[in-house]
1. Local charge sum around residue 84 (other residues, Cβ-Cβ under 11 Å, Lys/Arg +1, Asp/Glu -1)?
2. Looking at the square roots a ≥ b ≥ c of the eigenvalues of the Cα gyration tensor of the range 245-299, which shape do they give, rounded for a/c under 1.5, prolate if a/b is larger than b/c, or oblate?
Amino acid sequence: MKLEKLNDNFFSRLETLSLNLRSNLAGYFGGKHLVNSYGQTVEFSDFREYQLGDDIRRIDWNLFSRFEKYYLRLFTDERQMHVQIFLDCSASMGLDCPAKGEYAVMAAAALGFLAVQNMDKLTFHFMKEGGAENPFGTIVGKNSFFKAMGSFSDLEFDGDVDIEACVTGCPNVTENNGLSVIISDLCTDYDWKKAVDFLCYKKRQVLVIQVLTPEERDPLYDGRVHLMDSEAPDISDGKNMKLRINRAMQEAYREALNDFIEDAKQFCRKRGAGFMSVSTDAPIERVLFGELLKAGVIS
């Protein structure tokens with residue numbers, strides 16, 4: 001896979017952005033995300049009355065001189081989050097359409113860069129068949145991130161993927177400490193919604209990015225065609241078929257696709273998860289600076 005667009009110019013355009021994660025996530029000490037709990041930063045948050053056992057160094061003596069009561073100054077806390085990116089590596093994501101796989105990889109790389117820029121922990125999970133590979137371990141810092149980027153050109157797309165099995169079987173899906181992103185075309189017979197439910201059960205912030213090609217959104221096939229499923233095991237598989245496509249079938253397909261996308265959007269919204277469906281002909285910058293801003297994932 002050619003990834004010429006993943007260059008210094010691409011990442012330099014991202015340096016003005018940051019991940020916007022929920023303030024009620026727990027996370028780890030030492031990051032850049034402000035949370036609702038009180039901590040050791042220099043950003044003032046509130047006062048409260050002194051209680052036995054509190055640190056007397058936090059007493060505000062100016063308030064004591066005015067009210068003759070002891071009050072503590074409270075400051076906001078900053079935490080380090082764990083960003084997990086689950087990338088669908090099935091055949092439909094890039095075997096017959098390299099541009100689709102490249103687009104998905106660029107989206108994953110952009111979100112990963114924003115994570116390490118925020119001093120967050122980052123893991124990439126490449127979903128293949130019934131499991132997710134994590135070849136780089138936990139990535140912290142830009143040096144480790146760019147070292148991992150050097151291996152992305154070797155990524156292969158093949159077979160089918162059970163997103164639910166890949167996500168629920170991942171050993172390091174921790175609770176309430178960051179963002180989990182699923183990047184896929186969602187073109188699968190498996191129930192990807194159960195993966196979202198699992199991540200929501202783990203109290204993680206969830207974002208689903210559906211990547212489709214212009215041909216998938218608006219196919220222009222006409223007449224007799226032989227449709228081949230790129231993830232079918234052999235040519236005699238029941239998913240492969242010969243059809244005569246007319247205008248009515250094209251309209252039915254567009255309506256079914258729109259219904260599918262709307263159903264996915266509503267499903268995620270009810271669970272507090274983000275959802276966006278993007279086309280590979282849209283500039284990646286529009287997705288990052290436009291759609292992700294609308295979704296509230298970046299700021």
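Every number in this text was worked out from the coordinates using simple rules, so none of it is lab data. These numbers come from a predicted model, not from an experiment. Because the Cβ atoms are built from the backbone with ideal geometry, glycine has one as well, and the counts that use them run over all protein chains shown.
1. +2
2. Judged from the Cα gyration tensor, the range 245-299 comes out oblate (a/c at least 1.5, b/c at or above a/b).
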